[in-house]
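The structure appears below as structure tokens.
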Amino acid sequence: MNNLDVLSSISVFLTGIFEKYGPDPDEYAGILEFIDQIEADEIEEFRQTMLPILNPGTIIGFSFTKPFGYNGDFFIIEKIYQHYVSPDPKYKKWDEFFHTFPAAIAVVNRKKLAIEILKNLNNKISENNSQVLILGSGPVSEVFEFSTKYPDSQMFFDLIDLDKRAIAYAKAKNKNFLARMSFHNVNVIRHNPGKTYDLIWSAGLFDYFKDKHFVYLLKKYYEFVKPGGEMIIGNFNVENPSRRIMEILGDWFLNHRSEEELMRFALQAGIPKSKIEIIREPLGINLFLKVSK
Ligand SMILES: C[S@@+](CC[C@H](N)C(=O)[O-])C[C@H]1O[C@@H](n2cnc3c(N)ncnc32)[C@H](O)[C@@H]1O
């Protein structure tokens, strides 16, 4: 099939799907297959066909239109965590489809991983008063879920986010736990922690930084890890089966990185090899560079 044929068959296929307000599960693979065949110069035309859902009414359209001015804002991440499905019948099936993307499942997995790490830290430190710094804290859902499960924990969280709306949302969500939290509305590049931490965690942030900023921030914040502490930074793996659909439909571009690149960044930041490890969530789509001190 030449590409003109591909685009016109997509168009026919999608017309049928739009008529019934979105795909059913047995059509998901077909859509992904079509998207994989789209050439770079056909993306705009394909997006025109998809315009009925490329608005903030769907999760993918929320990403595409960026109502908060950038991709990966706290609100879309929270929609992924909460498995939000639009009540509007025109969009419902598209949101259900979105939640089956391996990348969306990996985002939920990374929150579970964060909670597990907090739980282990909480059990490890007998006095229970460890200090945690979260960079690009967004909705602060992992801390909310951890705090709900461990209401007596004395763990203290410094939460850094550039977006005032993210901080307002996170404060409201965590209203019962504010005594154990301090919010900082500042750019991680400029923030000066002024104290050291048992754990520095960041997910969904470093994928937006260029390599040189990644290394700069790693080196900068490693200084604020306590002896015996850890810093863990998430980044999407180069092996991300949802990359094309995120880029084409969500206009969501990330710096995907391999394990080797993450290891190299840590070495460039001057961290000894023996202190570097790569961990992953169960799908291996989100990698985590873990450096200890
Ligand atoms: C994709 S969200 C991830 C939120 C959270 N870490 C999570 O995994 O649920 C990224 C967050 O980083 C924030 N952010 C982006 N660039 C930032 C920067 N330079 N400094 C501080 N926060 C930033 C955004 O406002 C957003 O809330």
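Charge dipole (Cα centre; +1 on Lys/Arg Cβ, -1 on Asp/Glu Cβ; no other charges) of the chain amounts to roughly 1700 debye. Stretching Gln82 away from Gln154 to a fully extended chain increases their span by 23.3 nm, per 0.36 nm per residue minus the current alpha-carbon distance.
Placing unit charges on the Cβ atoms of the charged side chains and taking the dipole of the stretch 1-49 about its Cα centre, the candidate lying farthest along the positive direction among Phe18, Leu32, Thr49 is Phe18.
Counting only DSSP H runs of at least 4 residues, each contributing -39500 (n - 2.57), and dividing by the residue count of the chain, the helix-based mean residue ellipticity at 222 nm comes to -13000 deg cm²/dmol. I need to check one value: relative contact order of the chain, counting alpha carbon pairs closer than 8 Å and at least 6 residues apart, in percent. The normalised contact order for the chain reaches 17 percent.
The stretch between Lys212 and Glu260, if pulled fully straight at 0.36 nm per residue, gains 15.7 nm over its current Cα-Cα span. Can you bin the chain into rounded, prolate or oblate? Criterion: square roots of the alpha carbon gyration tensor eigenvalues sorted a ≥ b ≥ c, rounded for a/c under 1.5, prolate for a/b above b/c, oblate for the rest. Prolate is the answer for the chain, as a/c is 1.5 or above and a/b outweighs b/c. At an R0 of 25 angstrom, the distance between the Cβ atoms of Arg165 and Asp36 translates into a FRET efficiency of 0.10. Membrane-span-like helices in the chain (whole DSSP H runs, Cα extent of at least 18 Å along the helix axis, mean Kyte-Doolittle hydropathy of at least -1.0): 3-19, 25-37, 102-124. The residue among Val188, Ile167, Ile134 whose Cα reaches farthest toward the positive pole of the charge dipole of the stretch 109-194, with charges on the beta-carbon of Lys, Arg, Asp and Glu, is Ile167.
Computed from the coordinates by the stated procedures, all read-outs in this text should not be read as laboratory data. Keep in mind the model is a prediction, meaning the values are calculated, not measured. All Cβ positions, even for glycine, are placed from backbone atoms using ideal geometry, and neighbour counts span all protein chains on display.
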